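Readers should treat all values here as calculations from the given coordinates under stated rules, not as data from a laboratory. Just so it is clear, the model here is predicted, and its values are computed rather than measured. When we count neighbours, we look across all protein chains shown, and the Cβ atoms used for this are built from the backbone with ideal geometry, even at glycine.
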Amino acid sequence: MQILPYVFYLFPITSFVLGIIIYATIKKRYLAPLIIFTIFFAAQLIFFNYTFFQMVCIYTFLAFSGSFTAEIVMKKYDPGKRLKKVLGIVMAGGVLALCAVMLLSKPYQSWVMEHKVKAHLKEMAYDESEIESIDTTYEHKRNTNRTKPVIAEVVFTNDPDHTYRYIELRQKNEIKQMCEYKSGNVMKSEYTEERPHMIKNCY
């Protein structure tokens with residue numbers, strides 16, 4: 001699942017539609033922009049980097065545009081209470097759908113995996129200073145009944161030439177070090193003392 005279609009299509013459309021629905025039900029022009037800004041600014045801090053802030057501003061503007069459009073239309077056509085109730089239900093569904101999309105998206109899954117691997121390494125008595133980097137990749141072939149699709153690739157400070165790979169077992173929700181590792185761009189799997197952080201009971 002790619003995140004770009006959500007960033008450039010789903011999120012903008014959702015922001016504009018929620019702007020319309022929120023104003024139609026509550027009649028507060030600035031409420032929808034405030035909600036959209038809060039949601040996506042929080043998403044930026046958790047999942048994205050500072051470059052996503054321009055998209056946050058765009059979504060906020062679209063939410064304001066939706067509210068402004070609804071205000072103009074409602075001044076000309078006063079909707080009944082039944083329509084307002086329907087719009088309220090649609091608004092609640094839209095917010096829940098947006099939250100569901102965020103929770104199922106790759107950035108969220110990657111963020112969760114990164115923190116699980118950090119906790120696992122901490123349990124293995126590693127200090128943060130010993131970890132140079134943790135990157136995550138999404139591999140569809142790993143999305144099975146046994147394993148989850150997000151792979152964490154860890155580089156340790158004292159072994160920068162090797163990239164250790166970690167996976168999460170689906171049923172046990174357990175983080176396991178994989179036997180395969182990267183040496184440069186070559187994938188290997190044999191156990192060797194040259195890899196000081198490799199464990200024998202790898203996955």
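Taking the centroid of alpha carbons for each part, segment 10-33 and segment 143-176 are 40 Å apart. The smallest convex shape that holds all Cα atoms of segment 108-188, its convex hull, gives 92 Å³ per residue. Model label sites at E123 and T157, defined 7 Å from Cα along the beta-carbon direction, differ in position by 2.4 nm. Were the residues from I46 through K27 laid out at 0.36 nm apart, the gain over their Cα-Cα distance would be 3.8 nm.
In this structure, the residue pairs whose Cα-Cα separation is over 18 Å, taken from K176/K200; K118/K188; K116/K172; K148/K200; K28/K75, are K118/K188; K148/K200.
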